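Notes follow the structure.
The values are calculated or read from the model by the stated rules, or taken from the named source; none is laboratory data. For clarity, every value in this text was computed on a predicted model and none was experimentally measured. All Cβ positions, even for glycine, are placed from backbone atoms using ideal geometry, and neighbour counts span all protein chains on display.
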Amino acid sequence: MNLSNLPKKIYNFIKNRCIVHWKINKRDLRVIVPVVVIFGLAYQFNVPSHIFIYLYPTAQYFNVLANVASKRSKIVYDSLGFRFVLPDVGFEIIKKTSMLWYTDFCVTLMIIFAVLNLLIYDRPWRYFCRFLLAWSIALMLRITTVATTSVPDPRLDCEFITGNPFTSVALHRCGDAIYSGHSTVYAICFMSLVSFSPRNIYGRIATALIGAFALSGSIIIIANRAHYTIDVLIAWYISIGSWYFVGYFWYWHVTKKGRFTSIEFPFGIGKHHLDDSELTVQNRLISLGLDSDGNRVDYANIISNLNHEKINHDEGSPGAESSADRTVSIINHL
């Protein structure tokens, strides 16, 4: 291998990806920009930095709810006079440890793999939008659970919020339970590789590796006593559900209806990859009910009429168009 040509090859690869795969038009921005904004708000509500909390009042929403949950969780302590942890099967099975660094390491690793997969995926804007939409839904659902039902925090050294919930800030506040934010990242990133990783040995290895880290990270969350077992399970259930909900909605309301075709089909209507054969593209268009311009076509009705005319032709009906002619007309739709 000639290493002297490696920088040029990398440059050509990046240039080709930008020109062919990452091309975008103004119409697509009507999807991409709202997706980014929704995700930004959902993420900010869940993980607000201390700076943005004071700069933007709307970004305090989650912080306020977390503070309310912290104040409410203190009711248990005030009633009993001591810190109380709910019985948890995970705590009984998994030995307590102190590896908070590992959960953050897994989050970083997950995001790196998801981004790398995005860079090599043939339809990156489709990946990008579905990934952020699923994550946004999971985060918004997490917001609704924080202060709804207050439970005693599994961390005995957490900090109760006693001041004004609109202005108080704490790094390890009590009451942040019911729904694990770290597990949400694990689940969404893992599902992105399950759906969009390369269909070869390398893709399968990467997916299995990420799955192992996601599982181990979830176990360590429980071992750290940062969340109850139910918090981790709920995060996985909702995140996987969000992923498949977005996939279902995208297929029926974007792909099947021929919307935002340059995002869905950057190489041409019906093409998932640059090397897709013409027959593969035609079969895909027929299954989607689209023509080569992305318009809706009722192929079932066309085929039904074709069969009916074929019967008439076989019976010697005058003026009936031949099946070959009708077949050509169907292909011309593609």
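Brief remarks on what is shown
- Taken together, TYR127, TYR102 contain a single residue that is outside any loop (DSSP other than H, G, I, E, B) and closer than 21 Å to VAL254 by Cβ, which is TYR127.
- The set of residues from segment 269-292 being hydrophobic (A, V, I, L, M, F, W, C) and within 17 Å of ILE303 (Cα to Cα) comprises LEU285, ILE286, LEU288, LEU290.
The rows are residues; the columns are (1) loosely packed, with under 15 Cβ neighbours inside 10 Å; (2) in a loop (DSSP other than H, G, I, E, B); (3) modelled with pLDDT of 85 or more; (4) not assigned by TED's automatic domain parsing to the domain that holds LEU29.
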residue	(1), (2), (3), (4)
ARG259	yes, yes, yes, no
HIS273	yes, yes, yes, yes
GLN282	no, no, yes, yes
ILE286	no, no, yes, yes
ASN301	yes, no, no, yes
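- If you go through segment 172-198 and pick out every residue that is farther than 18 Å from ASP104 by Cβ and modelled with pLDDT of 90 or more, you end up with 8.
For every residue, the table says whether it meets (1) in contact with a helix residue (DSSP H, G or I) (Cβ under 8 Å, 6 or more places away or on another chain); (2) at pLDDT 70 or above; (3) surrounded by 20 or more Cβ atoms within 10 Å (Cβ to Cβ); (4) not in a helix (DSSP H, G or I).
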residue: PHE45; (1), (2), (3), (4): yes, no, yes, no
residue: PHE52; (1), (2), (3), (4): yes, no, no, no
residue: ASN63; (1), (2), (3), (4): yes, no, yes, no
residue: ALA66; (1), (2), (3), (4): yes, yes, yes, no
residue: ALA69; (1), (2), (3), (4): yes, yes, yes, no
residue: ARG72; (1), (2), (3), (4): no, yes, no, no
residue: ARG83; (1), (2), (3), (4): yes, yes, no, yes
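- Positions within segment 85-96 being in contact with a helix residue (DSSP H, G or I) (Cβ under 9 Å, 6 or more places away or on another chain) and at pLDDT 90 or above, in sequence order: ASP88, VAL89, GLY90, PHE91, ILE93, ILE94, LYS95, LYS96
- Test: residue in segment 187-204 that is assigned by TED's automatic domain parsing to the domain that holds TYR248, in a loop (DSSP other than H, G, I, E, B) and not polar (S, T, N, Q): yes
- Segment 104-128, subset loosely packed, with under 15 Cβ neighbours inside 10 Å and under 17 Å from ILE14 (Cα atoms), residue nearest to the chain's Cα centre (by Cα): VAL115
- Counting residues in segment 247-254 that are in the same structural domain as VAL20 (by TED's automatic domain parsing) and assigned to a loop (DSSP other than H, G, I, E, B) gives zero.
- Scanning segment 218-228 for residues that are more than 18 Å from ALA138 (Cα to Cα) and in a helix (DSSP H, G or I) yields a total of 5.
- In the set ILE269, ILE234, only one residue is closer than 24 Å to ALA134 by Cβ, more than 16 Å from the chain's Cα centre (by Cα) and in contact (Cβ under 8 Å) with a residue 24 or more places away in the chain; that residue is ILE234.
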